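Notes to accompany the following structure.
Computed from the coordinates by the stated procedures, all read-outs in this text should not be read as laboratory data. Bear in mind the structure is a predicted one, so any value in this text is a computation, not a measurement.
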Amino acid sequence: MKTLILWSAVALAAGPAAAFMCGVSLTGGVASPFGDFAELAGASPVVDGRVCFCITPNWNASLGVGYRTGHKADEDFGTVTPEYQIIPVLVGGDYRFDFLPLMPYIGGGAAVVPSRATIPIEEGVVEERNSTRVGGYVEGGLEYYLGAGVGVDARGRGLYAVGGDEALYGAKAVDAGNYGAFDVLFGLFWYPGY
């Protein structure tokens, strides 16, 4: 019994140490919004960075942050062209299928999506509206190793978060209660321990 308790304590203490930072990635691409933001903003450029924590050789936990901005001129809004800054923070994980030098992966997790809308009201006057939405994401991609621990990453992702409120653009009230986007990303990764 004492041996079982001792080994249990060792396993619990060593568990968190088994997850160590194994890499970073930086990607860029385009986001195509859907839901409420499909009406408010067109396709926008995306920059995305993440830190990966190796749980096993195939399972990674990750923490990521992105930045996207956009605006869309719409005849329904008259001369008003709102601009958006959206910063998704993603916490999740991926499972990698080992076919070196090719590593396809699938994953997902939770998302917190702060945003700021800058809305021209009249000449020289703008309104700032801040919202934070919560939701999740799913993704799939392909890593290709160019050398030891270095390679290229191609990723597709669906992101959806709810929250926010209605915004008034000119004389038109527009619902902004959710944010959804399909992202296509390309970039580089580096796993220094490999």
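Side notes on the structure shown:
- Relative contact order %, the range 23-190, counting alpha carbon pairs below 8 Å whose residues are six or more apart: 23
- Compactness relative to 2.2 N^0.38 Å, alpha carbon Rg of the range 23-190: 1.16
- Rounded to the nearest Hz, the phi-derived 3J(HN,Hα) couplings of the range 99-105 under the Karplus curve 6.51 cos²θ - 1.76 cosθ + 1.60 (θ = phi - 60°) are 10, 2, x, 9, 10, x, 8, where x marks glycine and proline.
- Distance between the C-alpha centres of the range 29-66 and the range 87-106: 12 Å, rounded to the whole angstrom.
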